[in-house]
Amino acid sequence: DKRLKGHPLLPTQRFAALAFFEWIKRGLFDSNLMGHIVKPTGIGKGLTAMMLSEMAGGKLIFIADNNSNGGNAVEEFTEHQAGLAQEKQRSVGRSFGGLHETDRDIVVTNFASARTWEGIQWSEVHLIVIDEGDVNALSFKRSAFITELAKVHGIPVVAMSATEHQASGKKLQDVFPHEILRLPMPDALQKCVEMGLLSDLQFSDVYFDCE
C-alpha cells in the first residue's frame with residue numbers, strides 16, 4: 001500500500017517498509033534484532049517510524065535525542081492519529097520533561113527517562129525506534145541498555161540516522177549490526193543543500209537522480 005492511513009508515502013518510506021518486513025521475516029527466531037536505517041534528513045523519519053510501528057503492531061517506544069525533538073515527535077504522531085477513524089487511533093504520550101505517560105500506545109522518550117521506568121510491561125512493546133542513532137545510542141551505557149532490552153525481551157530495535165558514524169569513529173553497525181536500509185545522501189548534494197542551492201526542491205526530487 002502506498003499510503004499510511006491516508007498519508008502518501010515517499011519512495012524511500014516504501015523502501016523502508018519493504019526492507020523492514022524482510023528483516024523481521026528473516027529474524028523471526030532471533031532474540032537480538034538490532035538494525036539500522038540510514039536515510040537523508042528531511043524525508044520523514046517520524047512518519048517512517050509510525051509506518052514501521054503499524055507494521056509491527058503493539059506498543060512503540062520512540063527514543064528521541066533531546067526534549068525538543070521529542071516534543072516535535074509527539075506533535076507529529078498526535079497529528080497523524082487525529083487523522084484516523086476513532087476506532088483506529090492510538091494514544092500518544094511522552095516520558096520526559098516531568099511527564100511519564102508510559103501507559104500509552106506510542107511513547108516518546110529519551111534514554112535518561114527510559115532507564116528509570118518501573119512497572120512497564122515490556123511484553124506489550126513490539127518495536128523500539130531510536131532517532132538520530134549515530135549521536136543518540138552509541139555510548140557504552142546507552143548501547144548496553146538497549147541491547148539488554150532486545151535480548152531479554154526480544155524487542156526489535158531500529159536506529160535511524162542520516163549518517164552512519166560519529167566523528168569519533170563509532171559506527172551504527174557496531175551496536176545495530178543488521179543493515180535494514182541504506183540510503184545515505186551524497187556528499188555533493190549535502191553541500192548544495194547547506195549552501196541553499198536546492199532550497200526550492202525536495203530531497204525526494206533529486207536524490208535518486210544524483211545517485
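General remarks:
- Taking the numbered list (1) in a helix (DSSP H, G or I); (2) in contact with a Leu (Cβ under 8 Å, 6 or more places away or on another chain) in turn, E79 passes all entries but (2).
- Members of segment 77-97 found to be open to solvent by less than 20 Å² (accessible area, probe 1.4 Å) and polar (S, T, N, Q), listed by number: Q81, S95
- Residue list for segment 53-76, restricted to those being assigned to a helix (DSSP H, G or I) and open to solvent by 10 Å² or more (accessible area, probe 1.4 Å): E54, M55, A56, N67, S68, N69, G71, N72, V74, E75, E76
- Of all residues in segment 147-162 being over 13 Å from G35 (Cβ atoms) and in a loop (DSSP other than H, G, I, E, B), the one that is most open to solvent (accessible area, probe 1.4 Å): G154
- Residue count for segment 48-100, restricted to those that are hydroxyl-bearing (S, T, Y), more than 16 Å from S113 (Cβ to Cβ) and touching a strand residue (DSSP E or B) at 6+ places or on another chain (Cβ under 6 Å): 2
- Annotation note: of E87, E79, E118, the sole residue that is under 25 Å from T41 (Cα atoms), modelled with pLDDT under 90 and out of contact with any helix residue (DSSP H, G or I) (no Cβ under 9 Å at 6 or more places or on another chain) is E79.
- Residue that is surrounded by the most Cβ atoms within 10 Å (Cβ to Cβ) [pool: residues in segment 38-52 that are among the small types (G, A, S) and farther than 22 Å from P177 by Cβ]: G46
- The residue list H126, H100 contains one member that is free of Cβ contacts under 8 Å to residues at least 60 places away in the same chain and open to solvent by 50 Å² or more (accessible area, probe 1.4 Å), which is H100.
- Condition check for V135: hydrophobic (A, V, I, L, M, F, W, C), over 12 Å from I61 (Cβ atoms), open to solvent by 40 Å² or more (accessible area, probe 1.4 Å) and touching a residue at least 24 places away in the same chain (Cβ under 8 Å): yes
- When the criteria are applied in full, G57 fails the requirement of being under 28 Å from T102 (Cβ atoms), small (G, A, S) and modelled with pLDDT under 80.
The values are calculated or read from the model by the stated rules, or taken from the named source; none is laboratory data. Here the structure is a predicted model, which means the values were calculated and not measured. Backbone-built Cβ (ideal geometry, glycine too); neighbour counts: all protein chains shown. Surface areas here come from the heavy atoms of the whole protein model, side chains and all, with no ligands, DNA or RNA. Shrake-Rupley method; radii C 1.70, N 1.55, O 1.52, S 1.80 Å.
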